[in-house]
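What follows is a set of notes on a single structure, which appears directly below.
Each reported figure results from applying straightforward, stated rules to the coordinates on display, with no laboratory input. What you see is a predicted model; the values in this text were computed from it and never measured. Don't worry about glycine lacking a Cβ; one is built from the backbone with ideal geometry, like all the others, and counts go over all protein chains shown.
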Amino acid sequence: MNNLFGDKNLPECKLISLDEYLILKLSGPLTKETATLFEDEFRSILGEPHRNLIINMESVLEVSKTWLRRLVQLQVDLRGFNCKLQIILLNEILVKRIKDEGLERLLPISKSLRDALVDLNIVSRKQLDVNFVNPFLHAIVHVLQIEAKIKAQPEGIRLKTRKGEFAGDISGVIGIISNSFRGMIVISFPTQTFLNVINKMLGENHTELNDEIESGAAELTNIVLGLAKNTLNDRGYGIKSALPSVVRGENHGFSQLGSGPTIIVPFQTDVGPFYAEICLSD
Amino acid sequence: MELAKVPVLVVDDMALSRKRVINCLKDLGFSDIREAQDGDDGWTAIVNAERPIVLVVSDWNMPHSSGLELVLKIRADEKYKSIVFVMVTAEGDAIKKTDAVKAGVNGIINKPFDSQIFSEKFNEILSASKIKLG
């Protein structure tokens, strides 16, 4: 990630480079004077392997006509490379402004990053973008390393095809809530793996589940969502906070409601296996 | 007052989370530690404490009453406004962190942490706030 403007009197800009697309996060008032900086700075960046560009304007309060013209020119330039520009998270006043100026076809707006990825044909509605999933997987690995000194290794991402394919005895469950989609993340453990994790977290030697340590399943899932949310919201997913729950029951699984995609990621550790499940429903 | 005698309140809706924080505080030398399950419970514990609470370490997102609501209550009360308040949270939202600072938290420790990280962050917060406990 690069912060291209260092001066606090200028709008802020951050460029996030991902495999299939770029995210440009703009914030502050986009005045006539700063449009020149855009011209000089971003054309050089957009000279790298050509990719679709998503501009996150959640923190933009006003946009000058000069900026709008620059964005239109950028769209034209990108289309010359068979790429496109899509704007996300624009406030209602600016959405209306773009429509009033007759620019909605040249500056298409999506309500969320996920919608933009679908609109740009980068993912289908039924797919989960790997860039959405990876922050969760990194968070799981990081949380277990820090909190329990356990090294967790993900063993591939697979699409869930049926209930019961993976089952656990104790699970942390937390909702993924944003303005444009809903979802859920589950981290599910066999009893012994869970006890081993908790014992390492607390430096104790529990041999069976109880109310106190069960809450650890929810807590781990909560911290994972918190960490992943930081990365994902920086890109424009707009995920909100939620309260986690614990599900306990021998060999339980989860049925998915809705038609969105669900992925399963099994993990191996030196204290036993567990799995994570991430699903979305629009 | 030695650290072992400093009255501390740990607030979190999850029992395991409270235990983790308590273990970290014990590693720092605290031993007079009480617990509460949410902001309302925490306020009751503060008001009813036989020995005045000096330090509160609280989670942010809790059912019924949040850590933010608790710190606002503490800072609004003449009797309790000087309590040292440390927020412990998985919440990384910059706007919410700004809300916490505006509400008067002395510092924020992000989850995940281990005992060493907690200790370092805790001491940084006290140093930055020029607070000496114990």
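On a 0 to 90 degree scale, rounded to 10, what angle separates helix A:191-202 from the longest Cα axis of chain A?
70 degrees
Counting other Cβ atoms within 10 Å of each Cβ, which GluC sites (Glu not before Pro) in region A:162-213 have at most 14 and sit in a DSSP loop?
Taking region A:162-213 and a limit of 14 other Cβ atoms within 10 Å, the loop GluC sites (Glu not before Pro) found are A:Glu165, A:Glu204, A:Glu208.
Need one number for region B:1-49: average projected area of the convex hull over its C-alpha atoms, nm².
3.2 nm²
Under the rule a/c < 1.5 gives rounded, and otherwise a/b versus b/c splits prolate from oblate, where does the protein assembly as shown land using the Cα gyration tensor?
Verdict is oblate for the protein assembly as shown.
Convert 4 °C to kelvin, take the viscosity as 1.567 mPa s, use the Kirkwood radius over C-alpha pairs of region B:75-127 as Rh, and evaluate the Stokes-Einstein diffusion coefficient in µm²/s, rounded to a whole number. Don't skip to the end; give the middle numbers.
Numbers: Rh = 11.9 Å.
It diffuses with D of about 109 µm²/s by this estimate.
Tell me whether chain B comes out rounded, prolate or oblate; compute the Cα gyration tensor, take square roots of the eigenvalues as a ≥ b ≥ c, and use a/c under 1.5 as the rounded threshold.
On the way: a/c = 1.21, a/b = 1.04, b/c = 1.16.
Rounded.
Taking chain A as a Gaussian network, where each spring joins two C-alpha atoms under 10 Å apart, which residue of A:Leu232, A:Leu128, A:Leu46 fluctuates the most?
Evaluated over chain A, the most mobile residue of the options is A:Leu46.
Summing Lys, Arg as +1 and Asp, Glu as -1, what charge do residues with Cβ under 14 Å from the Cβ of A:Gln145 carry, A:Gln145 excluded? List each step's numbers first, then the result.
Values: positive: A:Lys149, A:Lys151, A:Lys200, B:Lys111; negative: A:Glu147, A:Asp270, B:Asp114.
Net charge in that neighbourhood comes out at +1.
For chain A, set up a GNM with springs between Cα atoms under 10 Å and report which of A:Met184, A:Met201, A:Met57 has the largest fluctuation.
In the Gaussian network model the winner is A:Met201.
What does the charge count near B:Ile125 come to, summing +1 for each Lys or Arg and -1 for each Asp or Glu among other residues with Cβ under 14 Å from its Cβ? Numbers along the way, then the final one.
Details: positive: B:Lys97, B:Lys121, B:Lys130, B:Lys132; negative: B:Glu120, B:Glu124.
Spelling it out: positives minus negatives among the neighbours equals +2.
Taking Cα atoms of region A:125-282, Rg/Rh with Kirkwood Rh, to two decimals? Walk me through the numbers on the way to the answer.
Details: Rg = 14.7 Å, Rh = 15.6 Å.
Ratio value, two decimals: 0.94.
Taking the 0 to 90 degree range and rounding to the nearest ten, how far is the long axis of helix A:35-45 tilted relative to the main principal axis of chain A, both from C-alpha atoms?
Long axis of A:35-45 versus the principal axis of chain A: about 60 degrees.
So how far, in whole Å, is the C-alpha centre of region A:171-235 from the one of region A:79-112?
The distance from the Cα centre of region A:171-235 to that of region A:79-112 comes to 38 Å.
Relative contact order of region A:63-202, please, whole-number percent, based on alpha carbon pairs below 8 angstrom and at least 6 residues apart. Provide the component values of the computation, followed by the final result.
Details: 109 pairs, mean separation 21.3, N = 140.
Contact order relative to length: 15 percent.
Karplus couplings for region A:123-134 from phi (6.51 cos²θ - 1.76 cosθ + 1.60, θ = phi - 60°), rounded to Hz, Gly and Pro as x?
10, 8, 4, 8, 10, 9, 5, 4, 6, 7, 7, 4
Under 13 Å from the Cβ of A:Glu92, count the other residues' Cβ atoms, weight Lys and Arg +1, Asp and Glu -1, and hand me the total.
Neighbour charge sum, excluding A:Glu92 itself: +2.
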